[in-house]
Every structure is written in structure tokens, then in C-alpha cells.
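Inspection log for the structure reproduced underneath, given as C-alpha cells.
Please treat every number below as a calculation from the coordinates, not as lab data. Predicted model only: the values in this text are computed from it and were never measured. Reconstructed Cβ throughout: ideal geometry from the backbone, glycine too, with neighbour counts over all protein chains shown.
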């Protein structure tokens, strides 16, 4: 944030264009008797070359409907892929 570059500006523009293009999207809720709770978590394996931190992702479904999802940069630098997966799983809780 102290020294933004043109790469950061391009990434910011892509995010804004994405939000603008998907502004009318939403969640579709249907009636169902399938109320099974299913969750998934993952990480990107430290793709950020600036600080080597991984990004954790998780999503939870109730039946066929997504009711919560998150994408967040991990607060620590992990040395192993398995450690990054563990941090991603803990962030779900």
C-alpha cells in the first residue's frame, strides 16, 4: 500500500470491472428437504510473490445452496503446503 505500481492498479481495475459485471447476480434459494451441510476449504499455495502468504478459501452449502463463502489472505507465512492447508481448514471454524 505504500508503493503501489501499475500492476496493482490493473488488478484493482479488474476487481471493479468484475463487481460491476456481476452486480445483478444473486443466490437462488429453492425449497428442498435436503438439508445436508457440506463444506470445502482450500488454499492457493503461496502464489503471492510479494509476501509469500497463501490465500485461504472456503465455501459451505446447505443442500444445493451456497450460504457462506470466504476468500482471505492468511496472516502468517507457512513453510509447507500441508501447513497452509491446515491454516485454511482452521479458518473455516
Open item on the list: Please rank 87, 77, fewest neighbouring Cβ atoms within 10 Å first, as an exposure proxy.
Closed with: 77, 87
Task: Angle in degrees between helix 81-92 and the longest Cα principal axis of the chain, rounded to the nearest 10 - done: 50 degrees
TODO: Sort the chain into rounded, prolate or oblate with this rule: let a ≥ b ≥ c be the square roots of the eigenvalues of the Cα gyration tensor; rounded if a/c is under 1.5, and if a/c is not under 1.5, prolate when a/b is larger than b/c, oblate otherwise.
DONE: oblate
Task: Gaussian network model of the chain, Cα within-10 Å springs - most flexible of 19, 68, 76 - done: 19
Task: Between the range 68-93 and the range 1-22, the Cα center-to-center distance that results, in Å - done: 24 Å
TODO: Would you calculate, for the chain, the mean residue ellipticity at 222 nm contributed by helices, counting each DSSP H stretch of 4 or more residues as -39,500 (n - 2.57) and dividing by all residues, to the nearest 500?
DONE: -9500 deg cm²/dmol
- [ ] Take 60, 23 and order them by how many other Cβ atoms sit within 10 Å, fewest up front.
- [x] 23, 60
Open item on the list: Calculate the FRET efficiency for residue 60 and residue 15 from the Cβ-Cβ distance with a Förster distance of 22 Å, rounded to the nearest 0.05.
Closed with: 0.40
Task: With Cα atoms, 0 to 90° folded angle of helix 6-21 axis to the chain main axis - done: 20 degrees
